[in-house]
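Trainee: The structure under discussion is supplied below as structure tokens; questions concerning it will follow.
The values are calculated or read from the model by the stated rules, or taken from the named source; none is laboratory data. These numbers were taken from a predicted model, which means no experiment stands behind them. Here the Cβ positions follow ideal geometry from the backbone for every residue, glycine too, while neighbour counts run over all protein chains shown. What goes into the accessible areas is simple: the full protein's heavy atoms, side chains included, and nothing from ligands, DNA or RNA. Shrake-Rupley method; radii C 1.70, N 1.55, O 1.52, S 1.80 Å.
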Amino acid sequence: MAKTIYVLNGPNMNLLGTREPKKYGRATLADVDKLCRATGKRFGIEVVCRQSNQEGVLIDWIQEARAKKADGIVINAAGYTTTSIAIMDALLAVKLPVIEIHITNIHQRESFRHNSYMSKVAKAMICGFGIEGYALAITGLAGMISAKEKR
Ligand code: DHK
């Protein structure tokens, strides 16, 4: 059966390309979505890309991923990473493999960015690779999904 994963981006990620380019680079969210779809295609996985500035909308999409029988989630919860117990609970509730991703190396930044609620429930976390991290996250998740299939 065809596989699907959701790639969810949180607040301000719609501003990629113009937002603090020294930290986040010049690539836009459209570039990220394109990279994600192309990476998924290499593994025969359809990638659903979504971005919202609102916590509840992100939670609805996490629940939708489960309802639509998606195989996993890649999430950059951005500013909600360090605050949202509600997003963490949604990820726990849907019982899908989750990969957390950040464009920057959050551990080299301010200490308030270090404590990630997503890391508490994610299978793995990638940070500091720029937007290439999304391709790495999808590649890793694709490996997990196919390993699970073989079990
Ligand atoms: C993006 C954000 O918006 C910040 O709030 C995080 C993350 C870091 C990133 O590197 O992709 O702290």
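Trainee: Of a type in the set (Ser, Thr, Tyr) and surrounded by 14 or more Cβ atoms within 10 Å (Cβ to Cβ): does that describe residue 18?
Mentor: The answer is no for residue 18.
Trainee: Limited to segment 105-130, what total is found for residues that are in a loop (DSSP other than H, G, I, E, B), hydroxyl-bearing (Ser, Thr, Tyr) and open to solvent by 30 Å² or more (accessible area, probe 1.4 Å)?
Mentor: 2
Trainee: Same structure again: Could you look through segment 42-56, keep only residues that are away from the ligand (no atom under 16 Å from the Cβ) and touching a strand residue (DSSP E or B) at 6+ places or on another chain (Cβ under 9 Å), and pick out the one that is most open to solvent (accessible area, probe 1.4 Å)?
Mentor: Out of the qualifying residues, it is 46.
Trainee: Take segment 82-104 and flag every residue that is more than 13 Å from the chain's Cα centre (by Cα) and either more than 15 Å from the ligand (Cβ to nearest atom) or open to solvent by less than 50 Å² (accessible area, probe 1.4 Å) (or both).
Mentor: Correct list: 82, 84, 85, 86, 89, 90, 92, 93, 94, 95, 104.
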